[in-house]
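Here's the structure, in structure tokens; my notes come after.
The values are calculated or read from the model by the stated rules, or taken from the named source; none is laboratory data. Just so it is clear, the model here is predicted, and its values are computed rather than measured. Virtual Cβ from ideal backbone geometry, glycine too; neighbours counted across all protein chains shown. For accessibility, only protein heavy atoms count, side chains too; no ligands or nucleic acids. Shrake-Rupley method; radii C 1.70, N 1.55, O 1.52, S 1.80 Å.
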Amino acid sequence: MITQLSASPALELVVLDMAGTTVLDDGVVETAFQRAAERTGVADRMPWDDALAHVRATMGQSKIDVFTHLAGGDRAAAERATAAFEGAYAEIVAEQGVAEIPGAADAIQSLKDAGLTVVLTTGFAPVTRDALIDGLGWNGLVDLALSPVDAGRGRPAPDLVLTALIRTQSSSVASVAVAGDTVSDVESGRRAGAGFVAGVLTGAHDSTALELAGADAVLADVTHLHSALAERGLLPLVPTA
């Protein structure tokens with residue numbers, strides 16, 4: 001039997017971050033940044049500890065924006081560094097492989113089974129994004145995947161969330177849930193006006209940072225998202241005994 005819940009507006013779309021939220025990072029992003037910085041000298045104007053602190057603070061944001069800051073506003077240097085980062089990330093994936101956050105694929109499928117559309121978003125360029133999805137075998141699992149180049153601006157701007165809404169023809173921002181492991185993910189969801197925004201603790205930022213950014217809930221990992229939505233009456237269809 002299927003019961004329709006009406007206490008809260010039902011969701012239609014879930015927008016999930018990739019690295020640190022659905023895709024296991026395990027330091028890969030930081031390592032790729034380090035290789036790119038060493039190969040291009042993009043961060044030479046500041047102490048490495050300061051550069052690394054900026055990288056950690058801006059996890060989830062567009063990589064070109066992060067490198068533009070490290071390069072002191074030199075866009076051409078940032079573009080070279082971004083290309084080096086994407087190359088380094090691909091090298092590491094080739095060396096180590098790619099893995100999901102444990103249970104992420106099943107979590108995504110459970111959201112789809114509940115009647116939701118699922119879109120992945122990332123600060124990576126499409127070539128890296130697609131390599132990760134191919135490596136995980138998720139091409140038939142997710143409905144859409146977006147990078148900043150697809151939307152206009154990267155996080156914490158709302159563009160990725162709003163582009164996901166438009167591309168999937170969802171009815172309103174209130175029908176969108178967003179989940180990610182960074183402050184930028186949460187801020188992006190809040191700025192877009194998403195109906196529900198969750199932080200997860202499998203990536204860059206801790207619960208305090210995610211709560212201060214405006215998360216409606218902070219979850220241990222993405223596998224808890226389905227139950228969090230169900231508890232709030234936000235799923236469009238909920239199976240009952």
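The convex hull built on the alpha-carbon positions of the stretch 168-241 has an orientation-averaged projected area of 5.3 nm². When the alpha carbon gyration tensor of the stretch 114-241 is reduced to an equivalent ellipsoid, the three semi-axes, largest first, read 21, 18, 15 Å.
Grab the beta carbon distance between Asp74 and Asp106, set R0 = 45 Å, and tell me the FRET efficiency rounded to 0.05. Calculated transfer efficiency: 0.55.
Here is the size of the stretch 64-150 from its Cα atoms: Rg then Dmax, 15.3, 47 Å.
Between Leu225, Leu132, Leu52, the GNM of the chain built on Cα springs shorter than 10 angstrom shows Leu52 fluctuating the most. Each of Asp130 and Ala99 was given a label point 7 Å from its Cα along the Cα-to-Cβ line. The distance between the two points is 2.7 nm.
When only Cα pairs below 8 angstrom with a gap of at least 6 residues are kept, the stretch 67-186 shows a relative contact order of 17 percent.
The dipole here belongs to the chain: it is taken about the Cα centre, uses +1 on the Cβ of Lys and Arg and -1 on the Cβ of Asp and Glu, and is about 620 debye. Near the amide H of Thr117, within less than 5 Å, lie the amide hydrogens of Leu13, Val14, all on another chain or at least 5 residues away, with H placed in the peptide plane. Entry note: the stretch 65-111 has Rg to Rh equal to 1.24, where both radii use alpha-carbon atoms and Rh is the Kirkwood radius. For the chain, a Gaussian network of Cα nodes joined below 10 Å ranks Ala145, Ala83, Ala177 by mean-square fluctuation, and the top entry is Ala83. Computed with a 1.4 Å probe on the full set of protein chains, the accessible area for Glu86 sits at about 20 Å². Given in Å, the Rg to one decimal and the Dmax to the nearest whole number for the Cα atoms of the stretch 1-93 are 18.1, 63. Potential lengthening of the chain between Ile166 and Arg45 amounts to 39.5 nm, from the contour at 0.36 nm per residue minus the alpha-carbon distance. Which value in Å is the Kirkwood Rh of the chain over different Cα pairs? After inverting the mean inverse Cα-Cα distance, the result is 18.0 Å. Going through the stretch 6-68, which trypsin sites (Lys or Arg not before Pro) have at most 15 other Cβ atoms within 10 Å and a DSSP loop state? Here the trypsin sites (Lys or Arg not before Pro) that fit, given the DSSP loop and packing criteria, are Arg45. If you bin all the Cα-Cα distances of the stretch 87-135 at 5 Å, starting from zero, the percentages per bin are 5, 17, 23, 23, 17, 10, 5, 1.
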